[in-house]
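To start, the structure under review is shown below, and the notes come after it.
The values are calculated or read from the model by the stated rules, or taken from the named source; none is laboratory data. For clarity, every value in this text was computed on a predicted model and none was experimentally measured. Neighbour counts run over all protein chains shown; Cβ positions are idealised from the backbone, glycine included. The accessibility values were calculated without ligands, DNA or RNA, using every heavy atom of the protein model including side chains. Shrake-Rupley method; radii C 1.70, N 1.55, O 1.52, S 1.80 Å.
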Amino acid sequence: MYFTLFWTFFKIGLFTFGGGYAMIPFIHSYTVDKYKWINEKEFMDIIAISESTPGPIAINSATYIGHKIKGIRGSIFATVGVMLPSIIIIILIAAFFMQYKENPHVEFAFKGIRIGVAILIINASIRMFRKLDKNILSYSLITLGFLLLLFDVLSVIYVIIIGALVGILTQILKKQRGEEDVS
Amino acid sequence: MLVNLFELFITFFKIGIFTFGGGYAMIPLITEEVLNKGWLEKDQLIDFIAIAESTPGAFAVNISTFIGYNQESILGALFATIGVAMPSLIIIIVIAKLFHKFSENKYVIGFLNGAKPVIVGVIFSVGIDFLLSSVFKIKEITHIREIIFDWKTILIFVIVFSLTRIKERLHPILIVLISGLLGYILFGIF
């Protein structure tokens, strides 16, 4: 069982390109459809929890599913499984890349690729923007995060903490106002 | 060496704690940590991000392995990667044991409602910063600073960005390949 867990998540890690979100359909087809380790509702819960806790989604969901099936040891097997392909492949590429990075042809290509990376990041922020609730609060927080970082005012961690505190305060105020309405 | 390995672990542990919602959310903090510590130049970091995006597996694991390997070889790769995964492991196991309705808790909802928009702004800011640092290059010749405007990068940006607007689901690997090919043609041949 431990080996099946490890091997399943190893395959999930090996065959997904493009990060945690690309993994979700693979995780679903193995853990829900093929092995029936968890049901549809549990799967949805796991994705919701993986998205609302710190850390990459791939690792969060592997840990959670592993834990659900075989406790702490299961979570370690699943997580190591999902990470191992990356570790092996990247070490091979890194060793190779170090030799070729001085090559002028490679440098020409990377001058273009750096623009591609900027576009990937900008597009990721656009995609995440679409999923947000649109209101004055979220627009102000987006602008705040953008400006604070662009002008190097605060470290990323503090910027995120400020946003989170504003969010919690708003939630508490909203609840109080709701209770007043009822009474 | 042991100090460096420990620092890699702690740095990536910190990055793991403050990542909400997928690998891209991790880029702003990685950029800040890696540049402040002088581990990489900005251009090198962007190259690493490109490779981490175009190889199999979770971006978070890829980029941590890459930066760790670059600092302290295979041991560095392991310490960085274990560091980035450790907060997830601990937090998820605790949540799986204690709270079943974690994502319905009102404080968790409030926390995420506030943190997510800020993270969107922060990620957008890093994307713009990476773009600007490719478009404007600072050249220093004996105390005279000259800012060079690189029109070829603008051309690549306009072409590739339009492509991604036309075809929204263009795969990251294709974006990297197309922009690499354009870079090779514009900088290498012309």
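If B:A80 passes every condition in (1) surrounded by 23 or more Cβ atoms within 10 Å (Cβ to Cβ); (2) at the interface with chain A (Cβ under 7 Å from one of its Cβ atoms) but one, which one does it miss?
(2)
Checking the conditions here, which among A:S61, A:S52 is closer than 14 Å to A:F77 by Cα, within 12 Å of the chain's Cα centre (by Cα), at the interface with chain B (Cβ under 10 Å from one of its Cβ atoms) and without any contact (Cβ under 8 Å) to a residue 60 or more places away in the chain? Quick ask: steps written out before the conclusion?
On the way: A:S52 fails: closer than 14 Å to A:F77 by Cα.
Exactly one residue qualifies, and that residue is A:S61.
If you take the residues of the stretch B:82-126 that are outside any helix (DSSP H, G or I) and over 17 Å from A:G71 (Cα atoms), which of them is modelled with the highest pLDDT?
Among those that are outside any helix (DSSP H, G or I) and over 17 Å from A:G71 (Cα atoms), it is B:N105.
If you scan the stretch B:147-171, which residues turn out to be touching a strand residue (DSSP E or B) at 6+ places or on another chain (Cβ under 7 Å) and within 10 Å of another protein chain (Cβ to nearest Cβ)?
Correct list: B:D150 only.
Answer with yes or no whether B:I144 is open to solvent by less than 10 Å² (accessible area, probe 1.4 Å) and either more than 9 Å from chain A (Cβ to nearest Cβ) or closer than 17 Å to B:P28 by Cβ (or both).
On the way: open to solvent by less than 10 Å² (accessible area, probe 1.4 Å): no; either more than 9 Å from chain A (Cβ to nearest Cβ) or closer than 17 Å to B:P28 by Cβ (or both): yes.
Judged against the criteria, B:I144 is not a match.
Exactly one of these conditions fails for A:K36: (1) open to solvent by 50 Å² or more (accessible area, probe 1.4 Å); (2) in a helix (DSSP H, G or I). Give me its number.
All conditions are met except number (2).
Does any residue in the stretch A:91-111 that is closer than 20 Å to B:T65 by Cα come within less than 8 Å, Cβ to Cβ, of a residue that is assigned to a helix (DSSP H, G or I) and open to solvent by 70 Å² or more (accessible area, probe 1.4 Å) six or more places away or on a different chain, and which pairs are these?
From residues that are closer than 20 Å to B:T65 by Cα, the pairs are A:I91/B:I74.
Residues to consider are B:I63, B:I119; find the one that is within 7 Å of another protein chain (Cβ to nearest Cβ), open to solvent by less than 10 Å² (accessible area, probe 1.4 Å), touching a residue at least 24 places away in the same chain (Cβ under 8 Å) and not charged (D, E, K, R).
B:I119
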